[in-house]
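Visitor: Next up is a structure, given as structure tokens.
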Amino acid sequence: MIWLAYPNNPTASLWDDATIDAIIEAAPGLVVMDEAYQPFASKDSLGRLQRYDHVLLMRTMSKFGLAGVRIGYLIGRKALIAEVDKLRPPFNISVLNCEAALFALEHTDEYARQATLIRSERGRIYAALQALPGVTPFPSEANMVLVRVPDPAGVFAGMKARKVLIKNISGLHPLLAGCLRITVGTPEENTLMLAALEAALQETAA
């Protein structure tokens, strides 16, 4: 079984289409596409379900505005879903969680509006990060932006001192050296975050 995050976390990037298709075609078993961040992405894998019979697509309502409810769902060919369903506990989702999910599905316009705002704010953050000296932001297809800075520990501490929390992921993998992960918030939160980031950068450069 192969799992592919699409978009990926923490890079917030989409894998190349040709690369994904090559992996799927070479896979000896199931390929699961994890699309937890799909509401913020420009593409999805629904078309692959029609082209390949060994692909499953997972999504969550956590990024749909229901982070605390913990509701997810699986999309795939009927035969595959039937096999997975055999392993599902009979009461794996509470009645309250089901009602919350149904309520959300009755208000998809509002959640779509929120996702649109987050995508817009993501663009504003990315442009602001590009203008900061010594900062390298990476293109994002999720509700976060990966950024490389000269002193990630110092910047993290400086922002925390200003009551702004981000995630220092510089130690997770050599390819993430120097990287911080910034989650897109409300316009007001993002403005405060950018001000704290700029101040922390100046502080660490002094």
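Visitor: Give me the count of lysine pairs in the chain whose alpha carbons sit under 26 angstrom apart, restricted to pairs 8 or more positions apart or on different chains. If you can, show how the numbers build up before the last one.
Guide: Values: K43/K63; K43/K78; K43/K167; K63/K78; K63/K160; K63/K163; K63/K167; K78/K86.
Lysine pairs meeting the criterion: 8.
Visitor: Compute, for the chain, the length of the dipole vector about the Cα centre, with Cβ point charges of +1 (Lys, Arg) and -1 (Asp, Glu) only. Units Debye, rounded to 20.
Guide: I would put it at about 280 debye.
Visitor: Going by C-beta contacts inside 10 Å, put C179, C98 in order with the fewest on the left.
Guide: Details: C179 22, C98 12.
Result, fewest neighbours first: C98, C179.
Visitor: Kirkwood hydrodynamic radius (Cα pairs, Å) of the chain?
Guide: About 19.0 Å, per the Kirkwood formula over Cα pairs.
Visitor: Still on this model: Out of I169, G185, A157, whose Cα points farthest toward the positive end of the dipole of the chain (charges: +1 Lys, Arg; -1 Asp, Glu; placed on Cβ)?
Guide: Result: A157, furthest along the dipole toward the positive end.
Visitor: Evaluate the relative contact order of the chain (contact order divided by residue number), counting alpha-carbon pairs under 8 angstrom at least 6 apart; express in whole percent.
Guide: Values: 312 pairs, mean separation 35.8, N = 206.
So the answer I get is 17 percent.
Visitor: OK, next. Find how many whole Å separate the alpha carbon centroid of the stretch 155-178 from the alpha carbon centroid of the stretch 100-144.
Guide: Cα centres, the stretch 100-144 to the stretch 155-178: 20 Å.
Visitor: With +1 assigned to the C-beta of every Lys and Arg and -1 to the C-beta of every Asp and Glu, and no other charges, what is the dipole magnitude of the stretch 109-205 about the Cα centre in debye, to the nearest 20?
Guide: On the way: 10 positive and 9 negative charges, 35 e Å.
With Lys and Arg at +1 and Asp and Glu at -1, about 160 debye.
Visitor: Follow-up question, since we're still on this one. Hey, can you rank 134-142, 86-94 by average C-beta count inside 10 Å, highest first?
Guide: Highest-to-lowest ranking by the protection proxy: 134-142, 86-94.
We did not get these values from a lab; they are worked out from the coordinates using the rules stated. From a predicted model like this one, the values you see are computed outputs, not experimental measurements. We place every Cβ from the backbone using ideal geometry, glycine too, and count neighbours over all the protein chains shown.
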